[in-house]
Each structure stands twice: as C-alpha cells, then as structure tokens.
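A.B. asks: Sharing a structure with you now.
The values are calculated or read from the model by the stated rules, or taken from the named source; none is laboratory data. Quick caveat: nothing in here was measured; it's all calculated off a predicted structure. No Cβ is skipped: glycine too gets one built from the backbone with ideal geometry, and neighbour counts run over all protein chains shown. These accessible areas exclude ligands, DNA and RNA; they are computed on the full protein's heavy atoms, side chains included. Shrake-Rupley method; radii C 1.70, N 1.55, O 1.52, S 1.80 Å.
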Amino acid sequence: MKTLIFIIQSDALKKNFMQYSKIIGLGHAVPQTIVTNDDLSKILDTSDEWITERTGIKERRFFDPEIEGSLAKMAKKAADMALERAGKTKDDIDFVIFASITPDYFFPGSSVLLQRELEMDTIGCLDIRNACSGFIYSLSVADQFIKTGMYKNIMVVGGEIQSTAIDLTDRGRSTAVIFGDGVGVAILSASEEQGILSTHLHAEGKYAEELYVKDPGSSRTKEERQPEQILDTSGFKVYMNGNMVFKHAVVRFQEVIEEALNQNNLSASDIDMLIPHQANLRISKFIQSKLGLPDENVFNNIQKYGNTTAASIPIALSEAWGEGKIKEGDLVCLAAFGSGFTWGSALIRW
Ligand code: UT7
C-alpha cells in the first residue's frame, strides 16, 4: 500500500515538475495601411536610401482607427488566428498576458480589453510594459505559471500602435522612420515534451531615459502640471538616443544568447532558427555574424513592418512558423533588447 501511494505521489510530482510550456499556435495581424520610405520622405527630411541603408526597413504599417478600431480589436484578429492554428478555443485559455507600451488606455492595460473582445470568462489578465523585451518577459512569466502547474494554456500577446507615439516631424526623424504597428499572439500549453528550455531576463535601469516616453507619467514638476503646460505634448513622443541604444544592443543581444546556450550545454551551431527582435537589420546582421549563422537560420521581416517593439518577435515567429521555416524538434532562439534598458532571450525546442 505504502509503495502504491509512493508511486502515485511520485507520478504526480513528475507531472507537476517535469512540465514544459510549448508554443502550440501563433497568429499575427498588421494594419492595412502601408507606409513606404518614399511616403515618409514626403513629410520628413529623409530618404528611402538613408532608411534602407541605416535600418533595412522598406515599409511599415500604420494603424487607422477607422479601419482597425483599436489595439485590442487588432489583437483579437491575431488571437483568433493563433487559437485556430493551436486547435483551441478561447474557453481553453486560463490566463492572458499582454505586452505593450502603446496600449489603448493609460490604464487599464490591453489584456482586459482583449479578454472582453474575445468574450472570455473571468480569467486573470496581466500587462507587461517592458517595451522591445516585453514578449520575452511575457513568455518567461507564462512559462513559470505553466511549470508550476498553475495554468495549462496561456495566451501571450505582443502588440503595439507605435505610430501614435512617434514624432513625425524633422526633429524626430531618426526615431520616426524605424517604428511600425502590429500584433503577434502565441498560445502556450503545458506539455510533457520539451518546449521552452530556458528564459533569461536582464535590465539596467540607469539607462531608462535613453529610450523613453515621459508622459503621461507622474514625473512632471508642479510648473509642468499647469494647464497651459499640459498642452506641451513633446513628452508624449518617443525619445531615443539611437547611437547609444545601438551600441548596448549589439553587446547585450550576443551576451544573452550565449547565456542561454551555455545554460543548456548547446552552442550557436545548434540553433536552427534565430529570431531577434526586429530593431534594425544592421543589429540582426551583426548578431548573425558574431554567432556564425547562415542566412537560412535567421528570420528577419523588419523590411516589411519596421520595428514593432513588443510585437516584432511574435509577428516574426508567426510568419516563420506559418511559412514552414520552423519544424518539430528545431532549436529556436529568441532574443530582444530595448527600453529600460531591458533585454532577454528564450531557447525553445520546437
Ligand atoms: O527596438 C528597441 C531598441 N532600438 C534600437 O535598437 C535602435 C538602435 N538605433 C538605431 O537603430 C540607429 O541609431 C538609428 C536607425 C535610430 C539611427 O541610425 P544612426 O546610424 O545611429 O544615425 P544617427 O542618428 O547617428 O545619424 C547619422 C546622420 C546624422 O547626420 P550628420 O550629423 O551625420 O550630418 C543625422 O542627422 O543621419 C542623419 N539622420 C537622418 N538622415 C536622413 C538621422 N535620421 C535621419 C533620417 N533621414 N531619418
């Protein structure tokens, strides 16, 4: 009897503690309106040549409230696609995590708005505000919930409407030309087969103001809070010290990918697909060459969508998987760097 109880208990323990999270479905949605580099050069002192050479971007999508409605509505489209591809319904989902720095409202975050759009039950909803690393942070949180046995199926979203936060005047041209809008969704499910092998998260808050949007935060001085000063909207636009972000990004990307590989006793040559956050094609190419990866083992779509912050990895993952570029058993590496500074990686056995 004692032995039987032990076997049952150890089986239960195994079930609880040997649990992996697997990505079983992916979806994405981007706005209809295509904005080319030539379109931007009509309103900004810039050119297709400069943008292509410095960033690799050819076009991006800009949200139109008349067409897409809201970030939550766009997220619903991506979520429906992810659920269908996962063979699940919204009623199978136990929890929603939504990474965005451009949510519909200052609060509440977009997770509850998506829950409402999908007409889900009263499941918990969490918002993550880690900018370009938001999706990796969200994936990590979801992975912990699944590993502990708390939830079985989690919807993880990265979505942005960056076009409302960029300064489309000559003053903001170096930042304005890189950002775009879109949403990507992943459905994570508990599995006894390998899935997410590890996630690694880092931050360095001393650089917070090198890439940030100041307003509508609570940092305004008494004078800045006077009604006439409220009309100064410059603080609502993205400020980025591009050169500095670039220099930190190339170092941190490589570091955090190597950290993931080392922890799993793997090497760069084991990576079947690297999907870096789509910050700048020059950054992706630099990491690719540092890791010695051939072109077919790295996926980039920044050329079409620009830098969509928290959405860039799930959109790219959804496209790469949809195009059959990620197969069962592949080792997939995701990595991101951005505002905070925050950065992270995820290593996944597909
Ligand atoms: O996703 C989150 C993290 N973000 C990133 O990782 C972004 C990292 N940074 C970058 O990708 C790059 O710094 C940018 C693409 C944003 C800017 O490229 P850059 O090579 O660092 O350009 P720069 O700001 O150093 O500017 C070089 C020159 C300047 O002219 P001078 O001073 O050399 O005469 C700028 O005024 O290019 C000029 N410039 C432009 N010219 C045409 C800056 N922006 C533009 C523009 N069009 N849009």
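A.B. asks: Which residues, taken from the stretch 256-280, are in contact (Cβ under 8 Å) with a residue 40 or more places away in the chain and away from the ligand (no atom under 15 Å from the Cβ)?
C.D. replies: 257, 259, 260, 261, 263, 264, 266, 270, 271, 272, 273, 274
A.B. asks: Moving on to the next point. Return the residues of the stretch 207-247 that are without any contact (Cβ under 8 Å) to a residue 24 or more places away in the chain and touching a Pro at 6+ places or on another chain (Cβ under 9 Å); say none if nothing qualifies.
C.D. replies: Within the stretch 207-247, 235 is the sole residue that qualifies.
A.B. asks: Go through (1) in a helix (DSSP H, G or I); (2) farther than 25 Å from residue 309 by Cα; (3) open to solvent by less than 70 Å² (accessible area, probe 1.4 Å) one by one and return the number of the condition residue 190 breaks.
C.D. replies: Unmet condition: (1).
A.B. asks: Could we say that residue 117 is open to solvent by 40 Å² or more (accessible area, probe 1.4 Å) and within 16 Å of the ligand (Cβ to nearest atom) here?
C.D. replies: no
A.B. asks: When residues of the stretch 229-244 are filtered for being more than 16 Å from the ligand (Cβ to nearest atom) and part of a helix (DSSP H, G or I), how many remain?
C.D. replies: Count: 5.
A.B. asks: Still on this model: Go through (1) open to solvent by 20 Å² or more (accessible area, probe 1.4 Å); (2) under 18 Å from residue 93 (Cα atoms) one by one and return the number of the condition residue 184 breaks.
C.D. replies: For residue 184, the exception is condition (1).
A.B. asks: Right, something else. Grab the helices (runs of 4 or more DSSP H) fully contained in the stretch 35-140, keeping just those with 1 or more residues being aromatic (Phe, Trp, Tyr).
C.D. replies: 48-55
A.B. asks: Just to be sure before I move on: is residue 164 open to solvent by 10 Å² or more (accessible area, probe 1.4 Å), within 14 Å of the ligand (Cβ to nearest atom) and under 29 Å from residue 235 (Cα atoms) in the structure I sent? Walk me through it before giving the result.
C.D. replies: On the way: open to solvent by 10 Å² or more (accessible area, probe 1.4 Å): yes; within 14 Å of the ligand (Cβ to nearest atom): no; under 29 Å from residue 235 (Cα atoms): yes.
In short, no.
A.B. asks: Looking at this structure, is residue 44 at pLDDT below 95 and assigned by TED's automatic domain parsing to the domain that holds residue 178? Talk me through it step by step, then tell me what you get.
C.D. replies: Working: at pLDDT below 95: yes; assigned by TED's automatic domain parsing to the domain that holds residue 178: yes.
Answer is yes for this residue.
A.B. asks: Just to be sure before I move on: is residue 148 more than 24 Å from residue 302 (Cα to Cα) and either surrounded by fewer than 22 Cβ atoms within 10 Å (Cβ to Cβ) or in contact with a Ser or Thr (Cβ under 7 Å, 6 or more places away or on another chain) (or both) in the structure I sent?
C.D. replies: Working: more than 24 Å from residue 302 (Cα to Cα): yes; either surrounded by fewer than 22 Cβ atoms within 10 Å (Cβ to Cβ) or in contact with a Ser or Thr (Cβ under 7 Å, 6 or more places away or on another chain) (or both): yes.
Here the answer is yes, as residue 148 does meet what is asked.
A.B. asks: Six or more apart or on different chains, Cβ atoms under 6 Å: show the pairs whose first residue is in the stretch 129-143 and within 14 Å of residue 159 (Cβ to Cβ) and within 14 Å of the ligand (Cβ to nearest atom) and whose second is part of a helix (DSSP H, G or I) and not hydroxyl-bearing (Ser, Thr, Tyr).
C.D. replies: 134/310; 135/310; 135/313; 135/314
A.B. asks: I want to confirm something. Restricting to the stretch 233-250 and keeping residues that are of a type outside the set (Ser, Thr, Tyr) and exposed (fewer than 12 other Cβ atoms within 10 Å of the Cβ), which single residue is farthest from residue 342 (Cα to Cα)?
C.D. replies: Across the stretch 233-250, the extreme among qualifying residues is 243.
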